[in-house]
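Report on one structure; see the data block that follows.
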Amino acid sequence: MGDGFQAELAVHFLKGAMLFGKRLEVNFSKHPNITPGTDSHDYVNSNLNRFNRNAAKNYRYCCSPTKMIHLSTLPQDVTEEEVVNHVQEHGAIVNTKVFEMNGKKQALVQFESEEEAAEALVCKHATSLGGSIIRISFSQLQTI
């Protein structure tokens with residue numbers, strides 16, 4: 001994590017969450033750093049790191065896993081069907097909504113369970129949809 005506060009958020013919001021049929025156990029590491037290697041990747045300057053720019057704004061949207069995921073950086077011509085097809089392998093979808101905000105296409109997808117939404121986020125964040133690398137986060141909205 002970039003700093004101690006980010007680590008605290010991760011532990012607070014992810015500890016005990018269900019993922020792939022198992023409960024996550026998230027704790028602080030005794031190691032102060034990660035030794036770079038072939039199995040590690042540095043996200044410090046990655047545009048997939050939501051805390052690089054305007055971190056204070058992004059902290060407000062941190063939450064525990066929810067049934068609802070928010071997809072952004074979607075292609076402008078994406079359809080609701082394409083969004084559903086991209087994530088439906090991870091669980092039963094209750095509702096979807098594709099919308100535009102500030103000229104950018106986004107979507108909300110509500111799953112039957114938090115675990116299904118978490119699996120979709122883990123497996124589909126930073127994947128390609130219609131030529132765009134999409135970003136996925138949990139949404140605090142309860143309904144669409």
- prompt: So which residues in region 117-144 are open to solvent by less than 40 Å² (accessible area, probe 1.4 Å) and of a type in the set (D, E, K, R), if there are any at all?
  reply: Glu119, Lys124
statement: Ser64 vs (1) assigned to a loop (DSSP other than H, G, I, E, B); (2) closer than 17 Å to His125 by Cβ; (3) of a type outside the set (A, V, I, L, M, F, W, C); (4) modelled with pLDDT of 95 or more: all pass except (4)
- line: A careful count of residues in region 82-130 that are closer than 29 Å to Gly16 by Cβ, in a loop (DSSP other than H, G, I, E, B) and not β-branched (Val, Ile, Thr) gives 6
query: Quick one: Ser64 ticks every box in (1) out of contact with any helix residue (DSSP H, G or I) (no Cβ under 6 Å at 6 or more places or on another chain); (2) surrounded by 12 or more Cβ atoms within 10 Å (Cβ to Cβ); (3) in contact (Cβ under 8 Å) with a residue 24 or more places away in the chain bar one, so which box is it?
result: (1)
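Could you tell me whether region 106-114 includes any residue that is open to solvent by less than 50 Å² (accessible area, probe 1.4 Å), under 19 Å from Ser64 (Cβ atoms), of a type in the set (Asp, Glu) and modelled with pLDDT of 95 or more? Spell out how you get there, then give the answer.
Residues of region 106-114 that are open to solvent by less than 50 Å² (accessible area, probe 1.4 Å), as a first pass: 106-111, 113.
Applying the additional criterion that residues be under 19 Å from Ser64 (Cβ atoms) yields 108-111, 113.
Next cut, of a type in the set (Asp, Glu) only: none.
Checked against the condition, which is being open to solvent by less than 50 Å² (accessible area, probe 1.4 Å), under 19 Å from Ser64 (Cβ atoms), of a type in the set (Asp, Glu) and modelled with pLDDT of 95 or more, region 106-114 yields no hits at all.
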message: Return the residues of region 73-105 that are in contact (Cβ under 8 Å) with a residue 40 or more places away in the chain and open to solvent by 40 Å² or more (accessible area, probe 1.4 Å); say none if nothing qualifies.
response: Thr73, Asp77, Glu82, Asn95, Lys97
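The values are calculated or read from the model by the stated rules, or taken from the named source; none is laboratory data. All values reported here derive from a predicted model rather than from experimental measurement. A quick note on method: Cβ atoms are made from the backbone with ideal geometry, for glycine too, and the neighbour counts reach across all protein chains shown. Areas reflect the complete protein model, heavy atoms only, side chains present, ligands, DNA and RNA absent. Shrake-Rupley method; radii C 1.70, N 1.55, O 1.52, S 1.80 Å.
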